[in-house]
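Colleague: This is the structure, below, for whatever I ask next.
The values are calculated or read from the model by the stated rules, or taken from the named source; none is laboratory data. Here the structure is a predicted model, which is why all the values come from computation and not from measurement. Cβ atoms come from the backbone with ideal geometry, glycine included; neighbour counts cover every protein chain shown. Just so you know, the surface numbers come from the protein's heavy atoms only, side chains and all, with ligands and any DNA or RNA stripped out. Shrake-Rupley method; radii C 1.70, N 1.55, O 1.52, S 1.80 Å.
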Amino acid sequence: RYGITEVSASPGRPTLLVTNVQGYDAPGIAALAAAGEPLGRVVVVAPDREQSGSSHALTLARPLRVTGVGPERFRVDGTPTDCVHLGVFNLTPDSVPALVVSGINRGLNLGDDVTYSGTVAGALEGALLEIPALALSVDVDERGRADYETAAAFARYLAGQVLERGLPRGTFLNVNLPAAPPLGVRLTRQGTRTYRAAVVERLDPSGRPYYWVDDQDMTPGGEADGDHRAIRDGYVSISPLHANLTHEPSLETLAGWKLVVPGP
């Protein structure tokens, strides 16, 4: 069904599959779906509730329930990965989506956060199915507000570029926008950071301990071409990512080891 080197737009009016991590009712996905309408047929398949931190989880231990809430609009009691999988194989039976777009997330997904992000995972699932994909996130200002209008306008522009030009097989774009009007666009690498999650221990009314993952203590790395740096400087960050986690330089290093299967 897929299996081609470069994936680009379908003939005629392309299908855009839209998902997110913050749930079907989140304002970011409404802005994203509206932004996609001029580009093609928009099919929204989104979780029925918040799924932040779900990463690339796929639901295997129970059935998934899908509720239609309008023409080509669906709520799923699962993760963004579930939504993309269902959207591609079950809910767009007459055409393969030309593009998967995940977002718009309220809050950034930079550096190591991409490994936890359900927003990024939605785009990753598209890339694994060899469909061009975008993950979009926007920072919040000091009053906790996200500028979905600017983010949606940029999403429409970038989606149009991808539909026209395609992306290399197996890749997707992780896109982050600053809270203030962007000064421009930078192509970036996935940045690094010093990370420590703060886990708070408390007692419930019965005196039993429970744990809550609280604020994260993180210091972004200083890479000049990193995604953290672009956002700090007021630019849109676009990082091309892919699913293959092989660290190529280590293959040569490990080839010099004497690796054998020990006897019993």
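Colleague: Got at least one residue in the stretch 56-74 being touching a residue at least 24 places away in the same chain (Cβ under 8 Å), surrounded by 22 or more Cβ atoms within 10 Å (Cβ to Cβ) and under 27 Å from Ser239 (Cα atoms)?
Modeller: Checked the stretch 56-74: no residue is touching a residue at least 24 places away in the same chain (Cβ under 8 Å), surrounded by 22 or more Cβ atoms within 10 Å (Cβ to Cβ) and under 27 Å from Ser239 (Cα atoms).
Colleague: State all residues of the stretch 118-147 that are open to solvent by 40 Å² or more (accessible area, probe 1.4 Å) and in contact with a helix residue (DSSP H, G or I) (Cβ under 7 Å, 6 or more places away or on another chain); if no residue qualifies, say none.
Modeller: Across the stretch 118-147, the qualifying residue is only Asp139.
Colleague: Same structure, new question: Please go through the stretch 80-112 and give me each residue that is open to solvent by 10 Å² or more (accessible area, probe 1.4 Å) and under 15 Å from Gly23 (Cβ atoms), ordered by number.
Modeller: Within the stretch 80-112, Asn105, Arg106, Gly107 meet the criteria.
Matching residues to (1) out of contact with any Ser or Thr (no Cβ under 9 Å at 6 or more places or on another chain); (2) open to solvent by less than 100 Å² (accessible area, probe 1.4 Å); (3) at pLDDT below 90; (4) farther than 30 Å from Glu149 by Cβ:
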residue	(1), (2), (3), (4)
Val200	yes, yes, yes, yes
Pro205	yes, no, no, yes
Trp212	yes, no, yes, yes
Asp227	no, yes, no, no
Arg232	yes, no, no, no
Pro249	yes, yes, no, yes
Gly263	yes, yes, yes, yes
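Colleague: Name the residue, out of Asp94, Asp82, Asp139, Asp113, that is without any contact (Cβ under 8 Å) to a residue 24 or more places away in the chain and within 18 Å of the chain's Cα centre (by Cα).
Modeller: Asp113
Colleague: If you don't mind, another one. Filter the stretch 100-118 down to the residues that are within 21 Å of Gly78 (Cβ to Cβ) and in contact with a Pro (Cβ under 7 Å, 6 or more places away or on another chain) and list them by number.
Modeller: Selection gives Ser102, Gly118.
Colleague: Could you list, ordered by first residue, the pairs with Cβ atoms under 6 Å in which the first is in the stretch 178-192 and within 13 Å of Val140 (Cα to Cα) and the second is buried (at least 16 other Cβ atoms within 10 Å of the Cβ) and charged (D, E, K, R), at least 6 apart or interchain?
Modeller: Pro178/Asp139; Ala179/Asp139
Colleague: Still on this model: Could you say which residue among Ala151, Ala121 is within 22 Å of Ala180 (Cα to Cα) and either in a helix (DSSP H, G or I) or touching a residue at least 24 places away in the same chain (Cβ under 8 Å) (or both)?
Modeller: Checking each option against the conditions leaves just Ala151.
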